[in-house]
Amino acid sequence: MTVVIDTSLAEEATRTRRETRARRKRLLRRGRGCALWTVSVAVILGVGTWFVVTAWAWADRRTGEEALAEARAAGVPLTMRDLAARQPVSPEIAEATEFWRLAMAEVDVERFRDRSFARVPVLGELRSDGGADPPDRDAQGHLQGEDLVAAEQFLAPLEQTFAAARSARDAGGVANFGAPLADQTVDAAVDPYRLLFLGMALRLKVETRLGDDDADGAIDDLTTLVAVSDALRYEPHDWHQDCRHLALGWAVDLLERMLAVKRLNDDQLRRLAEAFRERDEARSFRLAVAGARFYFVTCVQVADEEFAQQFFRVDYSSWTRGADLAEGLDLFAQMDEASENGLLAANERRSSIEAELSALDARFSAGTRYPATLMLVPQLGQQLDSHLKAEASFTLARTAIACERYRLVHGKLPAKLDDLTPEFLAEPPLDPCNGKPLRYVDDARGVQLYSVGADGVDGGGAAAARSGAALFAPPDIAFRLKKTKPKAEAGAAP
């Protein structure tokens with residue numbers, strides 16, 4: 001009997017196992033190859049990315065370093081010591097500074113904030129009741145009655161302060177308060193708001209002088225108020241310049257009302273003309289530009305992002321800062337260079353700077369690459385507007401005083417501003433905002449002098465606020481003169 005054993009199934013199973021093992025080996029080899037290839041590509045990409053990022057960061061740092069080196073070589077002030085070196089120094093300035101410090105030390109700021117003095121019109125015309133009970137004034141706008149008494153009582157403790165302020169004025173007015181320097185710590189040169197409170201007190205003092213019909217005393221205090229503005233003329237901080245222009249605005253407002261209600265003699269008008277003489281606003285603006293550039297550079301260079309966010313409202317989420325530094329320094333340099341030729345030239349350059357800022361803002365990731373430039377450089381335009389309005393207000397004040405001097409001689413206001421030269425003005429007054437003749441309009445309400453303002457657009461002047469208030473309210477800046485004085489003043493000395 002023969003037995004036949006079929007081995008085909010066992011052989012098939014063995015072959016299948018061998019093929020499976022072989023397939024698994026091939027897949028494993030392919031997997032190792034893919035993994036090795038993937039890792040190699042990742043390493044190459046990582047190294048390449050690191051190289052690109054490092055090269056970009058290095059190039060960015062080099063850009064910032066070169067921009068700073070060029071600025072230093074050109075003598076651009078980049079530190080607080082550089083700014084201090086730009087401020088004028090003289091024995092007269094040192095003397096005035098000491099008097100201003102003495103005056104400010106005597107100012108009790110809390111008295112101005114005390115609600116018990118709500119009846120005193122220190123700031124504007126409003127009371128604690130929101131203005132429902134305005135200050136008591138006579139037909140000429142002078143304080144009277146209980147309001148005049150309250151104002152005089154408020155001012156009585158400040159006589160020593162006023163005496164020190166007058167001494168500072170007589171010494172020249174201009175101060176150099178300096179700034180404490182300790183390592184990298186920089187403090188503000190002086191608290192401008194304390195000086196501004198002194199200006200508020202002088203403003204109220206002029207009001208009481210007018211209420212007491214004391215023209216000479218009012219002029220003395222008004223010229224001291226102008227000196228308060230002068231004290232901050234060369235401080236390289238934008239908030240100091242803003243306070244300075246605010247005090248100037250009060251002085252011009254008071255001058256406008258004084259000329260409307262008082263028949264002043266020629267000596268009094270000459271004293272006012274000297275107080276409102278021409279200032280070098282372009283130099284003050286360049287110092288403000290230097291101060292803004294210092295804070296810009298500080299903001300970009302400081303490694304502490306919290307510092308940049310807290311003090312400059314700049315979010316530095318980017319790790320690159322050199323491009324920001326280079327762009328900003330270039331724009332600052334353009335404005336600084338143009339201002340060497342005056343505020344009008346700087347205003348003309350502003351359009352090209354604003355165009356560059358718009359193009360910069362349109363770039364991809366501009367907010368992270370150029371945050372300080374886009375945040376701080378546009379503020380130059382606001383400072384330029386403020387200085388242009390200040391220069392225009394000085395021009396309006398001098399021209400209005402010349403018109404009053406003309407009235408004393410001829411019995412009427414001039415028909416045109418050219419009539420003021422050469423006896424009362426050396427040359428016809430020009431509008432600092434466009435370089436053209438100052439506007440002079442005769443209407444039913446009187447004569448209106450006005451500047452077209454920083455925008456350069458002639459709005460007719462009629463809608464403009466008074467000159468001092470218009471320092472921060474464009475467009476036109478106006479000063480009105482009455483054709484006739486109040487009857488109560490008719491017998492005053494000519």
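Throughout, read-outs are computed from the coordinates displayed, never taken from laboratory work. Just so it is clear, the model here is predicted, and its values are computed rather than measured. Note: ideal-geometry Cβ built from the backbone for every residue, glycine included; neighbour counts use all protein chains shown.
Taking H as built 1.01 Å from N, whose amide H comes closer than 5 Å to the amide H of Lys483, not counting residues under 5 places away?
It is Val447, by chain and number.
By average Cβ neighbour count within 10 Å, what is the ranking of 80-88, 361-369 from highest down?
With the highest mean Cβ count within 10 Å placed first, the list reads 80-88, 361-369.
What relative contact order, as a whole-number percentage, does the stretch 183-302 give when Cα pairs under 8 Å and 6 or more residues apart are counted?
After rounding, I find 28 percent.
When only DSSP loop residues count, what GluC sites (Glu not before Pro) in the stretch 229-300 have their Cβ near at most 14 other Cβ atoms within 10 Å?
Passing both the DSSP loop test and the Cβ count: Glu278.
Which peptide among 414-424, 392-402 comes first, and what is the full order, when sorted by highest mean count of other Cβ atoms within 10 Å?
392-402, 414-424
Could you run the Karplus curve 6.51 cos²θ - 1.76 cosθ + 1.60 with θ = phi - 60° over the stretch 247-252 and give me ³J(HN,Hα) per residue in whole Hz, x for Gly and Pro?
Karplus values, whole Hz, x for Gly and Pro: 5, 4, x, 4, 5, 5.
What net charge do the residues around Asp60 carry, taking every other residue with its C-beta under 13 Å from that of Asp60, with Lys and Arg at +1 and Asp and Glu at -1?
Summing Lys/Arg as +1 and Asp/Glu as -1 gives 0.
Project the alpha carbons of the stretch 336-478 onto their principal axes and report the range along each, largest first, in whole Å.
That gives 67, 30, 18 Å along the principal axes, largest extent first.
At 0.36 nm per residue, minus the direct Cα-Cα distance, what do Ser365 and Arg72 gain on full extension? Give it in nm, one decimal, please.
102.6 nm is the gain from fully extending Ser365 to Arg72.
Under 27 Å between alpha carbons, and skipping anything fewer than 8 positions from Lys482 in its own chain: which lysines qualify?
Straight-distance partners of Lys482: Lys205, Lys262, Lys389, Lys412, Lys416, Lys436.
I want to check the label-to-label distance for Asp266 and Leu27. Put each point 7 Å from Cα in the C-beta direction and report it in nm to one decimal.
Roughly 11.5 nm, to one decimal.
Per q in 0.27, 0.29 1/Å, what log10 I(q)/I(0) does a Debye calculation on the alpha-carbon atoms of the stretch 420-463 return?
Results for the stretch 420-463 at q = 0.27, 0.29 Å⁻¹ read -0.98, -1.03.
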